[in-house]
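Report on the structure given below.
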Amino acid sequence: MHKIRFFVVLGLLIVGAALATRGTSDPTVSLASMSELWSDALRDTDQIGMKMTRVSDADETKIGAELAGTISESSPHNHAAEAYISVVGESVTQHVRRHGVRYQFHLVDSPVINAFALPGGQIFVTTGMLNFAESEAELAAVLGHEVSHVDLRHCIERYQYEIKLKKAGMPEVGWIMELAHHLATFSFAPYQELEADAQGERLSIEAGYDPDAAAVLFIRMKVHMGEPSRTPATTPAGEVAQSLGEAMNAYFRSHPPTEERTRKLEDVVTQHRTALKGLSFYVGKENLRELVPKSQLQYPGEYRRF
């Protein structure tokens, strides 16, 4: 699999170099189009190996539960906030593609603005992200994005080679702990982030939330996100928070540019503009403040007509 990727990349480098050095280059060829070609080729190549090592939904669910236990057990719970996140999360899972996965939502006590997904439908949101979001619609956008990483098999595919092979000779517990650390700190490929953005947008819209919430959140994150401070961890919960902080150090290096992400989100909305026209969508600023989901209470002033 790695050899196949190598030759694909090598081929694209040769083609790119040739296009860059031709005196009569096609003016329609740009670095952006080459980047998309590169991304498409790697995605198609990845899928060959992914199908050969595919993990069943049942196995993925079992692995995800084991991984989630290594994180959730070390973090104190705010039961009211976690229950709120779960209700909002369940609303965005109503139109997922994979029906063999049951989603569970967790709150991690960390000031870092982050959320992440583990295989098997285990979705984590930090207290930092919950406090940073300004509406239930923004929270739904975050959850829709993370749910999409699971639904599109991004989470399980990232490590399914190791899951199949289990790194011969490594004890089961050690393997689970190592895999949990990788999953909490790794970054998805840019094309996977854009795929999760697009599907997450659709999931939150279908759940009745403001279509512009995700783009607004991303832009505000770009403006306000700073490098998380580094302090020595003295507790298991602190170690989890530190791992999340390490992940966020590389957030903007590993994710597509915010401008590209917001443009793609706008494209999704534009594609559905005719169907959305005249409909009202929920924002839910007061719901987030009170930790009361819109499924239980809808404030009249929280609707936005599209």
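The values are calculated or read from the model by the stated rules, or taken from the named source; none is laboratory data. The structure presented is a predicted model; accordingly, all values stated were derived computationally and were not measured. Positions of Cβ are generated from backbone atoms using ideal geometry, with glycine treated the same way; all protein chains shown enter the neighbour counts.
A Cβ distance below 8 Å, combined with a sequence gap of six or more or placement on separate chains, defines the contacts here; from the range 148-169, residues that are assigned by TED's automatic domain parsing to the domain that holds P119 and within 16 Å of A115 (Cα to Cα) reach residues that are at pLDDT below 60 and surrounded by 15 or more Cβ atoms within 10 Å (Cβ to Cβ) in the pairs C155/L183.
From the list L244, L217, exactly one residue is surrounded by 14 or more Cβ atoms within 10 Å (Cβ to Cβ), closer than 24 Å to I71 by Cβ and at pLDDT 70 or above. Which is it? Break it down into steps so the answer makes sense when it comes.
Numbers: L244 fails: at pLDDT 70 or above.
One residue alone meets the criteria, L217.
Of the helices (runs of 4 or more DSSP H) lying entirely inside the range 27-102, the ones with 3 or more residues being surrounded by 17 or more Cβ atoms within 10 Å (Cβ to Cβ) and at pLDDT 55 or above are found at 57-72, 79-92.
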